[in-house]
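S.K.: Here it is: the structure, laid out below.
Where a number appears in this text, it was derived from the coordinates with a stated rule and is not lab data. It should be emphasised that the depicted structure is a prediction, and the values quoted were computed from it without experimental measurement. Using ideal geometry, Cβ is built from the backbone for each residue, glycine included, and neighbour counts are taken over all protein chains shown.
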Amino acid sequence: MSTMVYPREEKLDKLSQEEIISNTKLVMQGLEALKNEHNSILHSLLETIKCLKKDEEANLVHEKSSLLRKSVEMIELGLGEAQVMMALSNHLNAVESEKQKLRAQVRRLCQENQWLRDELANTQQKLQRSEQTVAQLEEEKKHLEFMNQLKKYDEDVSPSEEKEGDSAKDSLDDLFPNEEEEHGPGSPRQHSSAVAGAQQGGYEIPARLRTLHNLVIQYASQGRYEVAVPLCKQALEDLEKTSGHDHPDVATMLNILALVYRDQNKYKEAAHLLNDALSIREKTLGKDHPAVAATLNNLAVLYGKRGKYKEAEPLCKRALEIREKVLGKDHPDVAKQLNNLALLCQNQGKYDEVEYYYCRALEIYESCLGPDDPNVAKTKNNLASCYLKQGKYKDAEVLYKEILTRAHVKEFGSVDDEHKPIWMHAEEREEMSKSKHRDSAPYAEYGGWYKACKVSSPTVNTTLRNLGALYRRQGKLEAAETLEECAVRSRRQGIDPINQTKVVEILKEGDGTERRRSLGGSVKYENATDGSEE
């Protein structure tokens, strides 16, 4: 008779699923063998019962057969349970495999979801860039439409609008010099610093940056810095991506952004950008390039606005040396640099140097651009201001009269009894008022010359007011009123009260040298009448 093999009880708790299955199969084999053995014994007992005659023996055999039947039933029950366990094991395996499939699908869906998120983020960035580009193009379109309208109404522009445009343009004049303004109609054309820079260093400011510059100064003149600054930053970022940081175009864009910051009085940020631009230009173009001189000049003007005149002066002198070396000592850009250097020295009380620089600039302008160039009048006006601070009132008066006489001659061709400059009319009225024969003639009899000669520059207007203030200082009240009335009527919206106030304060001071020097503490570099260019 076969024997059943059972696993040891102490190991049942430690069996894995595979071991349980293998042991169950082994038990099923044993139970099958035991069942077959019991069936054979039961069959033999039934055969024996048929042959037996005695009742006692037959009863005993019946009892044994009953026990065997119960044993067979128990074996069949065990086999059924083993089969259930096997079926349960197969079901668990199927569930586990399905679980693994689902996990794989979840991982794949997560990957696809992440990829879709990345694609969405990239698409949103592209959309944002496209919207910014569209906004910039819309602004450029508006600017071009505005410029076309201006061309139609150039002759009707008011003096105040002209002055604002001149001031905004002068603030970036050294980056993009305008050849048409630098040369008079009858003078020979000179090479601008941009052209000379191209000849010397092989670099010229690209046309797209010039266009961007014009757009930026248009926004700056309107006070729309929220448009001008992002426009500069976006252009700077694009240039750095395409050309790298150390490129002359990047330096040019840094200059433009720095000057916009300076107009907003953000001097710290402007100084950082200008120093960065200076380093790039020195590295890429050389230390003697006109573009380097332009950046040095802008940095010097920035220091001057912050009152750091001693730090600004060596920068301005270095810019002057570069321009003299590259452009020649008689170039108009050299005269511009001399004007700025004179302003810095004037704020430090170095009046001998101031007179030298202004006189030299005046000689260059008169020889290169002619006596009728606006820069000649500006420089004379600045030199007269220097004379006022030193108490040289006669010298200042001579220069003011020269400016007004030149404006008169430019219109009428000569000075005669019928066509006298306005200052002569003013002095005649002064003499008549003292002799008790005050001239009651209306202003229009001799004031129409100013409107006719179309002299609407801030320099001539300021000269009228400054000479009027000087006449008041000398006690010539009637002459002063005449000039001031002419200035007000000729350009009511173009009056320069800041410069006038400075001159009046200078003239009201006593003869003390120290008190006169204390008035030179603030120079308005952005004002065209101060003769500076940036």
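S.K.: Within the set Lys35/Lys99; Lys336/Lys392; Lys141/Lys287, which residue pairs have Cα atoms separated by over 27 Å?
M.R.: On the way: Lys35/Lys99 39 Å; Lys336/Lys392 24 Å; Lys141/Lys287 39 Å.
From Lys35/Lys99; Lys336/Lys392; Lys141/Lys287, over 27 Å: Lys35/Lys99; Lys141/Lys287.
S.K.: Which residue, Gly244, His213, Thr295, has the largest displacement toward the positive end of the dipole of segment 213-314 when charges sit on each Cβ (Lys, Arg +1; Asp, Glu -1)?
M.R.: It is Thr295.
S.K.: Of the listed peptides 355-362, 470-477, what is their order by residue-averaged count of other C-beta atoms within 10 Å, with the highest listed first?
M.R.: Order by mean packing, descending: 355-362, 470-477.
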